[in-house]
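Single-structure report; data block below.
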Amino acid sequence: MGNNKLRGKDLIKIGFPKNNNSINIALGQINRYQKRLKKEQVLIQATKVLKNPNEFIGDGIWGKVAECLINEVIIKKQELNTTRAPFTIYGENEIDDAAKYQLYDALKLPISVAGALMPDAHSGYGLPIGGVLATNNAVIPYGVGLDIGCRMCLTIYPIKMSYLKGKKDQFVNMLSEHTKFGMKETHKVKHDHEIFSHAAFQDIPLVKRLKDKAYKQLGTSGGGNHFVEFGNVDIVDVNNEWDLPVGQYVGLLSHSGSRGLGANIAKHYTYLAMKQCPLPKHVQQLAWLDLNSHDGQEYWIAMNLAGDYAQACHDDIHARISKLLGTRPLAKIENHHNFAWKEQVNGSESIVHRKGATPAQKGALGIIPGSMTAPGYIVRGLGNKDSLQSASHGAGRLHSRRQCKMKFTQSEIKKELKEHEVTLIGGGVDEAPMAYKNIKKVMNNQQELVEVIGTFKPQIVRMDY
C-alpha cells in the first residue's frame with residue numbers, strides 16, 4: 001500500500017467497533033497478506049466484511065476478522081491444573097526423567113483428557129518425543145511437532161536378497177543418484193501430483209505461498225534422522241495381510257515428513273497459539289488452538305494437507321525406485337507418527353496427538369524402525385486403550401545430537417557399520433547407530449501394544465550429507 005498506509009482510524013471511520021480487537025486483527029491480516037493492494041481496495045473489502053461477517057467465516061484473509069466481529073475471542077492467561085489427567089508409561093525404567101516431566105506438565109493442561117508415554121520416549125519441545133496426548137476439542141501445534149506427517153513407508157519387492165548382494169553397486173547407485181535430501185537437493189525432473197490441486201493451496205494464504213516450495217521438494221527427504229534404505233524384509237507371520245509366503249524379500253524403507261511446507265505451517269500456527277493461549281513460561285510450547293476458532297479450523301486443514309503431502313513425497317520416492325528396479329511391489333505398509341487425529345477416548349471424541357508415536361489401533365499396520373544397524377519391525381496394532389492405541393515410533397534416542405558429536409568418531413561408526421555389513425551413503429556423527437536405544441528392549445516393553453508380522457534389516461542406507 002506504499003505511503004497510502006491503512007490505519008486503525010480508517011477502519012473506525014467505516015464502522016469498526018473501537019472496543020473490539022477486530023481492528024488489530026484486521027490490520028495484522030492486511031499487513032501480512034494485502035500489502036500490495038491500494039488503501040481504497042482494502043477498505044471496500046473491509047466494509048463488506050463489516051456488513052456481512054457471516055459470509056466471510058472461513059475466508060483465508062478475512063475469516064479471523066469476521067469471527068471477532070461476530071463473537072470476539074477472549075484471550076486470557078491459562079493456568080495448569082493441580083492434578084494430572086490419567087496416563088500410562090511403557091518401559092518406564094528406560095525413559096529419562098525430562099521426558100516424563102514433560103508429559104506430566106501436558107497432563108495438567110485444562111484441555112487434557114488422557115496421555116501415554118511410549119518406551120522409546122525422550123524429551124523434545126512441548127510434548128516429549130514418544131508422547132501421546134488426548135485433548136478436548138483443541139489441537140496443540142507442538143503436540144504434533146514441526147515435521148507434520150513425518151512417516152514411515154515400506155515397499156516389499158519380489159526380489160531375492162541374493163540379488164541385492166550380487167548387484168550391490170547398482171543398488172547403491174540408485175539411492176545415490178535418485179534420492180534427494182536436505183535443503184539444497186531437488187530432483188531435476190519434477191513430478192506432478194494431485195495433492196497440488198488441494199483447495200488449501202488456494203484458500204489459505206500461508207499455504208498458497210508455500211506451494212512452489214512444496215512442488216520443488218516433492219519426492220525429497222529431510223535431513224537429520226530421515227533416510228531411504230534397501231534392506232532385508234523377513235516375513236514371519238503366516239497369516240499376513242498380503243498372503244506372502246514366509247521368507248525373505250528385498251524392501252525399500254523411507255522415513256521423512258512434510259519438508260518446508262509442514263515446518264512453516266507448524267511455526268506459524270504455534271506462534272498464533274502462543275499469542276492466543278498464554279501459558280506459564282515452562283509450558284508455553286503446549287499452547288493450543290480451539291477447534292471451534294478460525295485459526296484452529298485453519299490449522300486442522302493445513303495439518304491434514306501437510307500429512308497428505310508427506311505421503312505424496314513417499315509415493316514419489318517409491319515410484320522412482322520401483323521404476324528403476326523394473327518390478328511391481330508385492331506390498332506397501334505406511335504410517336504417520338507426527339500427527340493429530342479425531343478419535344474416541346473413554347466414549348467421547350478427543351483430539352489424539354501422537355508426537356513420535358505409531359498408531360496401533362486393532363489391526364492397524366505400521367513400521368517401527370531400529371537404527372541403521374538394528375532391525376525394524378513390521379507390526380499390527382492390538383488396540384490397547386491404555387496406550388491410546390499407540391506404540392513407539394522407533395528405538396528412540398539414547399544420546400542427543402550434541403552428545404553424539406562429543407562421544408563418537410567417524411572411525412567408530414565405520415567399524416560398527418562394517419560389523420553389521422551396512423553400506424552408508426551420507427549421514428553424520430549425530431546419527432551414529434550407537435545414538436539409539438536397544439530396539440529389542442523397546443519392542444519387549446510394548447508386547448501388549450503391537451504384534452510382529454516381520455522385520456526389516458537395513459543393508460544400504462542413504463541419508464543427508
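Laboratory data are not the source of any read-out in this text; all were calculated from the coordinates shown. Only a predicted model underlies this, so the values are computations on that prediction, with no experimental measurement involved. Neighbour counts run over all protein chains shown; Cβ positions are idealised from the backbone, glycine included.
Applying 1/(1 + (r/R0)^6) with R0 = 45 Å to the Cβ-Cβ distance of E92 and K211, what FRET efficiency is obtained, to the nearest 0.05?
Numbers: r = 44 Å, r/R0 = 0.99.
It comes to 0.50.
Specify the angular offset, from 0 to 90 degrees and rounded to the nearest 10, of the alpha carbon long axis of helix 22-33 from the longest principal axis of the alpha carbons in the chain.
Around 50 degrees separate the two axes.
Pop a pseudo-label 7 angstrom from the Cα along the beta-carbon direction at both Y465 and K76 and give the gap in nm to one decimal.
Distance between label points: 5.6 nm.
Ordered by residue, what ³J(HN,Hα) values in Hz, to whole numbers, does segment 52-59 give under the Karplus form 6.51 cos²θ - 1.76 cosθ + 1.60, where θ = phi - 60° and Gly and Pro are x?
Rounded to whole hertz, the list is 9, x, 4, 6, 10, 4, x, 5.
Considering Cα pairs under 8 angstrom that are at least six residues apart, work out the relative contact order of segment 8-70 and quote it in whole percent.
For segment 8-70, the relative contact order is 35 percent.
Would you order T135, T373, T186, T82 from fewest to most other beta-carbon atoms within 10 Å of each residue's own beta-carbon?
Values: T135 26, T373 21, T186 14, T82 6.
Ranked by crowding around the Cβ, least crowded first: T82, T186, T373, T135.
To the nearest 0.05, what FRET efficiency results for T83 and N31 with a Förster distance of 60 Å applied to their C-beta separation?
Numbers: r = 42 Å, r/R0 = 0.71.
The value I calculate is 0.90.
In µm²/s, what is D for segment 178-301 at 25 °C and 0.890 mPa s, where D = kT/(6 pi eta Rh) by Stokes-Einstein and Rh is the Kirkwood radius from Cα pairs?
Here the translational diffusion coefficient equals 137 µm²/s.
Hey, fewest Cβ within 10 Å first, where do Y299, Y215, Y436 land in order?
If I rank by nearby Cβ atoms, fewest first, I get Y215, Y436, Y299.
Got a sec? How would I61, I75 order by Cβ neighbour count within 10 Å, fewest to most?
So the residues, fewest neighbours to most, are I75, I61.
Among L117, C68, Y90, whose Cα projects farthest towards the positive end of the dipole of segment 61-129, with charges put on the beta-carbon of Lys, Arg (+1) and Asp, Glu (-1)?
The listed residue farthest towards the positive side: C68.
Per 0.36 nm of contour for each residue apart, how much would the distance between K38 and W242 grow if the chain were fully extended, relative to their Cα-Cα spacing?
67.4 nm
Under the Kirkwood approximation applied to all pairs of distinct alpha-carbon atoms, what is the hydrodynamic radius of segment 348-394 in Å?
It works out to 11.2 Å.
Would you give the gap between the C-alpha center of segment 298-351 and the C-alpha center of segment 219-246, rounded to a whole Å?
Each part's Cα centre sits 15 Å from the other's.
How big is segment 154-193 in terms of Cα radius of gyration and Dmax, in angstroms?
13.4, 35
Hey, which lysines would be in cross-link range of K180, C-alpha to C-alpha under 20 Å, not counting anything within fewer than 8 residues on its own chain?
Once the sequence-local lysines are set aside, what remains near K180 is K168, K188, K190, K211, K213, K216, K323.
Where in segment 135-158 does the label zone of V189 land, with the point 7 angstrom along Cα→C-beta and an amide N cut-off under 14 Å?
none
Kindly provide the chymotrypsin sites (Phe, Trp or Tyr not before Pro) of segment 99-160 that DSSP labels as loop, not H, G, I, E or B, and whose Cβ sees at most 15 other Cβ atoms within 10 Å.
Working: sites: Y101, Y104, Y125, Y142; in loops: Y125.
Sparse-neighbourhood loop chymotrypsin sites (Phe, Trp or Tyr not before Pro): Y125.
As a check on your grasp of the helix formula, calculate [θ] at 222 nm for the chain: sum -39500 (n - 2.57) over DSSP H runs of n ≥ 4, divide by the residue count, round to the nearest 500.
Taken over the chain, the calculation gives -10000 deg cm²/dmol.
Need one number: % antiparallel among DSSP beta bridges in the chain, to the nearest 5.
Values: 65 of 72 bridges.
Within the chain, antiparallel bridges account for around 90 percent of the total.
At what distance in nm do the modelled label points of Y125 and Q202 sit from each other, each positioned 7 Å from its Cα along Cα→Cβ?
3.3
What is the mean projected area of the alpha carbon convex hull for segment 8-70, to one decimal in square nanometres?
Projected area, direction-averaged: 3.7 nm².
The chain: longest stretch without exposed GluC sites (Glu not before Pro) (DSSP loop, at most 14 other Cβ within 10 Å), sites themselves excluded?
Working: sites that count: E72, E79, E185, E241, E421, E448.
Segment 242-420 is the longest.
Principal axes first, then extents: for the Cα atoms of segment 1-148, list largest minus smallest coordinate on each axis, whole Å, largest first.
Largest to smallest, the principal-axis extents are 64, 28, 23 Å.
Take a quick pass over segment 352-465 and tell me how many lysine pairs come in under 21 angstrom between Cα atoms, counting only ones 8 or more apart or on separate chains.
Step by step, the pairs that qualify in segment 352-465 add up to 21.
For the chain, just the Cα set please: Rg and Dmax, both in angstrom.
Cα radius of gyration and Dmax of the chain are 23.9, 78 Å respectively.
Suppose every K and R has +1 on its Cβ and every D and E has -1 on its Cβ; what is the size of the dipole of the chain about the Cα centre, in Debye to the nearest 20?
1840
Within the chain, what's the longest stretch lacking trypsin sites (Lys or Arg not before Pro) that sit in DSSP loops with no more than 14 other Cβ atoms inside 10 Å?
191-361
What is the distance in Å between the Cα centres of segment 1-47 and segment 444-465?
The two parts, judged by their Cα centres, are 54 Å apart.
Go ahead and run the numbers for FRET between H282 and H178, Cβ-Cβ distance against an R0 of 45 Å, rounding to 0.05.
The formula returns an efficiency of 0.50 here.
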